[in-house]
Amino acid sequence: MLKEIRFQFRHKGCWLQETTERYPSVTLVISSVYQVDEDIHIDLFVHAPSRTLIDGALQSWSRDKRIHKISKLYEGPRGVRFHVSYSAKQSIYPHIIHHTPISLGAISMANGTEYYSILGEADDVQQLLAVLGKEGTVEVQSIKNLQEVPETPHTDFAGALTSGLTDKQMEALLFAHSQGYYNWPRVLSASDLATMLGLSSAAYLDHLRRAESKSVNAVVQNLQALDPARFEAVKARISATRARVPARAKKTATAD
């Protein structure tokens with residue numbers, strides 16, 4: 001039986017993980033991986049909030065003896081794509097290749113953690129998890145039978161959102177949206193919307209704010225599920241920014 005498995009992995013001696021530990025706001029995405037003799041080859045996309053971080057990572061890679069060759073393939077507004085070849089020693093990819101996954105999704109990395117999505121035969125998947133468990137720390141996020149009807153991320157998100165809203169909360173949210181309340185600059189206030197529906201401002205705001213709170217929570221959870229590595233990198237960036245903000249500014253922001 002075919003299984004789809006999603007898991008997180010951490011292990012020592014990996015220059016990719018070391019990069020994301022050194023630069024917590026950087027996200028690495030591997031779109032393809034293969035082995036030639038004693039070398040691993042990967043297509044690597046580096047996403048970072050600034051080009052300075054990418055240049056810093058590239059300089060550290062150029063001094064790393066485990067890495068044999070780095071070729072820049074593409075540079076765009078979101079980051080830089082490289083082809084990298086490096087020693088297969090201390091790499092887990094030979095294990096993954098040996099267990100012949102039918103499909104290996106894009107591998108993303110952030111803040112010292114690797115995120116995998118693999119499709120393979122049940123026995124191969126279980127053996128792979130056992131081998132990786134000896135090489136490092138494995139945290140399985142989900143295992144599904146391929147025969148199960150898959151729910152798309154869009155369906156999961158819509159279900160999580162609509163099931164959490166009451167009729168009055170959905171009415172308040174949809175009415176606000178239809179009247180341009182979420183346009184910027186706003187053309188109507190929440191009090192204006194309440195008057196149009198014949199409700200008190202307090203009653204309408206209660207429904208609207210609860211709907212907004214549930215909607216934002218669903219959006220954030222969906223973002224985390226769709227791109228966990230980038231999600232963690234952005235969280236690390238926020239933490240670093242907050243650490244640099246003076247204590248007085250933090251108190252002012254809290255008061256606002």
For this session: Under 6 Å between Cβ atoms, at least 6 apart or on separate chains: pull out the pairs that start in segment 118-137 with a residue that is of a type in the set (Val, Ile, Thr) and end on any residue that is in a helix (DSSP H, G or I).
Result: Val131/His95
Exercise. What are the residues in segment 84-103 that are within 22 Å of the chain's Cα centre (by Cα) and either part of a loop (DSSP other than H, G, I, E, B) or surrounded by fewer than 17 Cβ atoms within 10 Å (Cβ to Cβ) (or both), if any?
Worked result: Ile92, Ser103
For this session: From the list Arg81, Arg63, pick out the single residue that is touching a residue at least 24 places away in the same chain (Cβ under 8 Å) and either outside the structural domain of Leu16 (by TED's automatic domain parsing) or basic (Lys, Arg) (or both).
Result: Arg81
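Residues that are touching a strand residue (DSSP E or B) at 6+ places or on another chain (Cβ under 9 Å), assigned to a loop (DSSP other than H, G, I, E, B), among the small types (Gly, Ala, Ser) and at pLDDT 85 or above: does segment 134-142 have at least one?
yes
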Seminar exercise, completed: All conditions in (1) surrounded by 19 or more Cβ atoms within 10 Å (Cβ to Cβ); (2) part of a helix (DSSP H, G or I); (3) more than 22 Å from the chain's Cα centre (by Cα) are true of Gln59 except (1)
For this session: From Gln179, Gln221, grab the single residue that is over 30 Å from Glu232 (Cβ atoms), polar (S, T, N, Q) and assigned by TED's automatic domain parsing to the domain that holds Glu232.
Result: Gln179
Exercise. Given the structure, is Tyr115 surrounded by 16 or more Cβ atoms within 10 Å (Cβ to Cβ), modelled with pLDDT of 85 or more and either within 22 Å of the chain's Cα centre (by Cα) or among the basic types (Lys, Arg) (or both)?
Worked result: yes
Exercise. Which of the residues that make up segment 151-178 are surrounded by fewer than 16 Cβ atoms within 10 Å (Cβ to Cβ) and at pLDDT 85 or above?
Worked result: Thr166, Leu174, His177, Ser178
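The values are calculated or read from the model by the stated rules, or taken from the named source; none is laboratory data. Note that the structure is a prediction, hence the values are computed from the model and not measured. Glycine gets a Cβ as well: all are built from the backbone with ideal geometry, and neighbour counts include every protein chain shown.
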